[in-house]
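**Student:** Dropping the structure in here first, questions after.
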Amino acid sequence: MKNTILIVEDETAIREMLTFSLMQTGYIVLQAKTALEALKILEDVSPDMAIIDWGLPQVSGLELVERIREDEVIADMPIIMLTAKAQEEDKVKGLETGVDDYMTKPVSIKELQARIKAQLRRLGGFKKTHAITVGPIKMDLDAHTIVIADEELKLSITEFNLLKLFMKTPNKLLSREQILNHVWGRNSFVELRTVDVHILRLRKSLKKYKLDRMLQTVRGAGYKFCIEE
Ligand code: CA
């Protein structure tokens with residue numbers, strides 16, 4: 001299965017050069033010119049990793065990394081930061097923010113490819129198959145199907161995305177705001193109550209398999225997808 005890499009770089013020539021060579025290697029490449037563009041993409045997709053330029057207009061690459069690390073769903077995404085600044089103090093700042101690896105411009109494609117491979121190896125796990133299995137629930141992210149006990153569970157897009165979010169963050173408390181941002185997007189005008197409505201629907205669908213109890217309400221805090229160890 002192909003890995004998806006997000007490139008965030010405002011310099012067109014560099015962005016296109018990176019995109020071209022990574023696509024040739026067989027990666028699926030998503031491109032963003034700014035941090036805000038990147039965040040918009042990340043609302044819908046969770047790439048396997050990101051390559052982020054430090055010097056971006058308006059919101060810097062470093063701030064983008066901070067935003068990503070605060071986000072429950074994509075917090076663990078490996079990030080390689082590109083920088084024109086070779087100073088050690090900047091690198092330290094970047095590593096403290098949660099950058100996994102560093103490359104100083106001009107970027108050697110060969111070296112970048114090797115570093116990408118290293119990060120993806122470290123990542124391992126479910127990303128390679130694009131399928132998530134949690135307890136008896138098997139979710140195929142490419143085919144958009146869910147199978148429970150050899151039976152296909154059909155869900156609406158919203159409920160599918162909701163379940164996907166929960167399956168990616170088992171046993172973790174998610175606030176309604178976090179759920180809303182991930183399933184509907186940060187800039188949507190959906191009310192928090194809508195989250196509850198769709199949670200109820202998802203619970204109903206899971207009830208048939210006696211799995212509705214996995215989706216627990218944490219009073220005054222949000223929801224949690226509980227998996228028995
Ligand atoms: Ca730049």
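**Student:** Among the residues of the stretch 149-164, which ones are free of Cβ contacts under 8 Å to residues at least 24 places away in the same chain and within 22 Å of ASP71 (Cα to Cα)?
**Tutor:** ILE157, PHE160, ASN161
**Student:** If you scan the stretch 91-121, which residues turn out to be more than 24 Å from the chain's Cα centre (by Cα) and of a type in the set (A, V, I, L, M)?
**Tutor:** VAL92, VAL107, ILE109
**Student:** Check the stretch 69-78 and report whether any residue there is open to solvent by 20 Å² or more (accessible area, probe 1.4 Å) and either in a helix (DSSP H, G or I) or farther than 23 Å from ARG121 by Cα (or both).
**Tutor:** yes
**Student:** Out of the stretch 33-59, which residues are among the charged types (D, E, K, R) and within 14 Å of the ligand (Cβ to nearest atom)?
**Tutor:** LYS33, GLU37, ASP53
**Student:** A follow-up question, please. Residues of the stretch 79-90 being modelled with pLDDT of 80 or more and not in a loop (DSSP other than H, G, I, E, B), which ones?
**Tutor:** Residues satisfying the conditions are ILE79, ILE80, MET81, LEU82, THR83.
**Student:** Where in the stretch 134-229 are there helices (runs of 4 or more DSSP H), lying wholly inside it, with at least 2 residues that are of a type in the set (Ser, Thr, Tyr)?
**Tutor:** In the stretch 134-229, the matching helices (runs of 4 or more DSSP H) lie at 192-207.
Condition check ((1) touching a residue at least 12 places away in the same chain (Cβ under 8 Å); (2) buried (at least 18 other Cβ atoms within 10 Å of the Cβ); (3) assigned by TED's automatic domain parsing to the domain that holds VAL73) across all residues:
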{"position": "VAL147", "(1), (2), (3)": "no, no, no"}
{"position": "PHE166", "(1), (2), (3)": "yes, yes, no"}
{"position": "LEU173", "(1), (2), (3)": "yes, no, no"}
{"position": "HIS182", "(1), (2), (3)": "yes, yes, no"}
{"position": "VAL190", "(1), (2), (3)": "no, no, no"}
{"position": "VAL195", "(1), (2), (3)": "yes, yes, no"}
{"position": "LEU200", "(1), (2), (3)": "no, no, no"}
{"position": "ARG213", "(1), (2), (3)": "yes, no, no"}
{"position": "ARG219", "(1), (2), (3)": "no, no, no"}
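**Student:** Read through the list (1) at pLDDT below 95; (2) loosely packed, with under 13 Cβ neighbours inside 10 Å, then give the number of the only condition that LYS204 fails.
**Tutor:** (1) is the only condition that LYS204 fails.
**Student:** Hey, another quick one. Which of the residues belonging to the stretch 12-65 are small (Gly, Ala, Ser), under 13 Å from the mean Cα position of the chain (by Cα) and modelled with pLDDT under 95?
**Tutor:** The answer is SER46, and nothing else.
**Student:** Let me ask another. Which residues, taken from the stretch 12-38, are closer than 17 Å to MET103 by Cα and open to solvent by less than 70 Å² (accessible area, probe 1.4 Å)?
**Tutor:** Across the stretch 12-38, the qualifying residues are ILE14, ARG15, LEU18, THR19, SER21, LEU22.
**Student:** Kindly evaluate VAL134 against the criterion of being within 16 Å of the ligand (Cβ to nearest atom) and of a type outside the set (Ser, Thr, Tyr).
**Tutor:** Here the answer is no, as VAL134 does not meet what is asked.
**Student:** Take the residues in the stretch 79-95 that are free of Cβ contacts under 8 Å to residues at least 12 places away in the same chain and farther than 19 Å from ARG115 by Cα; name whichever of them is most open to solvent (accessible area, probe 1.4 Å).
**Tutor:** Applying the filter and picking the extreme gives GLU89.
**Student:** I've got another one for you. Residues that are out of contact with any Leu (no Cβ under 7 Å at 6 or more places or on another chain), within 16 Å of the ligand (Cβ to nearest atom), open to solvent by 60 Å² or more (accessible area, probe 1.4 Å) and under 30 Å from SER175 (Cβ atoms): does the stretch 60-67 have at least one?
**Tutor:** Among the residues of the stretch 60-67, at least one is out of contact with any Leu (no Cβ under 7 Å at 6 or more places or on another chain), within 16 Å of the ligand (Cβ to nearest atom), open to solvent by 60 Å² or more (accessible area, probe 1.4 Å) and under 30 Å from SER175 (Cβ atoms), which makes the answer yes.
**Student:** Taking the stretch 1-32 on its own, how many of its residues are of a type in the set (Gly, Ala, Ser), in contact with a helix residue (DSSP H, G or I) (Cβ under 8 Å, 6 or more places away or on another chain) and within 20 Å of SER60 (Cα to Cα)?
**Tutor:** 1
The values are calculated or read from the model by the stated rules, or taken from the named source; none is laboratory data. Just so it is clear, the model here is predicted, and its values are computed rather than measured. As a convention, Cβ positions derive from the backbone with ideal geometry for all residues, glycine included, and neighbour counts pool all protein chains shown. Areas reflect the complete protein model, heavy atoms only, side chains present, ligands, DNA and RNA absent. Shrake-Rupley method; radii C 1.70, N 1.55, O 1.52, S 1.80 Å.
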